[in-house]
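One structure below.
The values are calculated or read from the model by the stated rules, or taken from the named source; none is laboratory data. Since this is a predicted model, take the numbers as computed values, not measurements. Backbone-built Cβ (ideal geometry, glycine too); neighbour counts: all protein chains shown. To get the accessible areas, we keep the full protein, side chains included, count just its heavy atoms, and leave off ligands, DNA and RNA. Shrake-Rupley method; radii C 1.70, N 1.55, O 1.52, S 1.80 Å.
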Amino acid sequence: QVQLVESGGGLVQAGGSLRLSCAASGSIFSINAMGWYRQAPGKQRELVAAIIGSGTTNYADSVKGRFTISRDNAKNTVYLQMNSLKPEDTAVYYCNAGISEGYYSSKRAYWGQGTQVTVSS
């Protein structure tokens, strides 16, 4: 069983910062890409940022220059540093990872349970 456990969400004023963490645990052979998605009420889930094993990153245009994604491969953990937060960043943030549970196992996408980020104006 593989689990992704997120932490770090909360309530912050506009212009503030938060740091999200997501730790993967369980039967893990390898992890490919890790990323963060978010879903605001009434909207579709969207990609916020992603990082692959080599360290290459990808960001949504709306967060470029404000958010930074990083990962600690030794800890199977991905982070999202969010600065200069805006009310429109309010959403449930979900961690996602492509994980293989064995040498001959196919990679599967796993999701965390989500953590609420609320930015007040």
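Things to note:
- Share of pairwise Cα-Cα distances greater than 26 Å in the chain is 18 percent (whole percent).
- The chain: relative contact order as a whole-number percent, Cα under 8 Å and 6+ apart: 36 percent
- Rg ratio (alpha-carbon, reference 2.2 N^0.38 Å) - region 51-121: 1.29
- Taking the protein heavy atoms of the chain in the context of the full set of protein chains, the accessible area attributed to carbon and sulfur is 47 percent at 1.4 Å.
- Looking at the chain alone, DSSP beta bridges between its own residues are antiparallel in about 90 percent of cases.
- Net charge dipole, the chain: roughly 60 debye, given to the nearest 20, about the Cα centre with Cβ charges of +1 for Lys and Arg and -1 for Asp and Glu.
- Expected-Rg normalisation [2.2 N^0.38 Å, Cα atoms] applied to region 19-76: 1.22
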